[in-house]
Each structure stands twice: as structure tokens, then as C-alpha cells.
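Notes to accompany the following structure.
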Amino acid sequence: MQAGVDAYRGGWIAVVLDRGLFAAAIVANRFTELTAQLEGADVIAVDIPIGTGDAYPRAADVAARKYVGRRRSSVFLTPPRPLLEAPSYSVARQLA
């Protein structure tokens, strides 16, 4: 079983696959509630960058893009920490 997880205004949602086929959609208010319902999953992929660093691109982003193959454009590269900490968008663009 694999699950793809994303946040939305009301909480969290997971789309669950079993042997590559849709098995369920699970909704929860809190991330911990959702993951409790996914106990035993082989993979839980969360659509949110977890942890940033100074390296670009992150190895996790590159590996995720490779894993999803043709759908690689749906994996967004996480900007390095200095860009995320910039005081404005224009400053971040200058740093990039």
C-alpha cells in the first residue's frame, strides 16, 4: 500500500493505492491522525517540503522525481534555505 498525502484548508487528505490501483481516500484533521490510519503503508509521500538545506537541488527532490518518472514535473524542487528566509520575493530572486 502506498499513500500520497496533501494538506488542504480543512486538514489532510491521503489517496491510497494498493498494487497501483486506487483503494481509498482518507481525510483527517491532523497529520498524526491521518498517519495513524495509514499504519503499515510501504510508502507515505507528503506533498510538502520537509526540511530544507543549502544544497540545491535536494537529493530527496531528485530521487522523488526519478521515482515518479513521467510525472516528475509534479515534484517541485525545494528552494535552498537562504531563499526561503529572504525578507521579500525580490530579494529571493536576487539571491537566486
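Here are a few things to note about the model shown:
- For region 46-58, the condition of being touching a helix residue (DSSP H, G or I) at 6+ places or on another chain (Cβ under 7 Å), touching a residue at least 24 places away in the same chain (Cβ under 8 Å), open to solvent by less than 80 Å² (accessible area, probe 1.4 Å) and closer than 25 Å to TYR89 by Cβ holds for at least one residue.
- Every listed requirement among (1) within 17 Å of ALA3 (Cα to Cα); (2) modelled with pLDDT of 90 or more; (3) surrounded by 10 or more Cβ atoms within 10 Å (Cβ to Cβ) is met by GLU39 save one, (3).
- Scanning region 40-86 for residues that are under 12 Å from the mean Cα position of the chain (by Cα), in a helix (DSSP H, G or I) and either farther than 26 Å from ILE26 by Cα or among the charged types (D, E, K, R) (or both) gives ASP61, ARG65.
- Annotation: LEU34 fulfils all but one of (1) open to solvent by 40 Å² or more (accessible area, probe 1.4 Å); (2) outside any loop (DSSP other than H, G, I, E, B); the unmet one is (1).
- Being farther than 10 Å from THR78 by Cβ, open to solvent by 60 Å² or more (accessible area, probe 1.4 Å), modelled with pLDDT of 95 or more and out of contact with any Asp or Glu (no Cβ under 7 Å at 6 or more places or on another chain) is a property that does not hold for VAL62.
- Any hit, region 16-30, residues being farther than 26 Å from ARG81 by Cα, part of a helix (DSSP H, G or I) and hydrophobic (A, V, I, L, M, F, W, C): no
- Selected residue (criterion: least open to solvent (accessible area, probe 1.4 Å)) from residues of region 1-28 that are in contact with a Gly (Cβ under 8 Å, 6 or more places away or on another chain) and over 21 Å from VAL75 (Cβ atoms): ALA28
The values are calculated or read from the model by the stated rules, or taken from the named source; none is laboratory data. If you're wondering where the values come from, they're calculated on a predicted model, not measured in any experiment. Reconstructed Cβ throughout: ideal geometry from the backbone, glycine too, with neighbour counts over all protein chains shown. Ligands, DNA and RNA are excluded from the accessible area calculation, which covers all protein heavy atoms including side chains. Shrake-Rupley method; radii C 1.70, N 1.55, O 1.52, S 1.80 Å.
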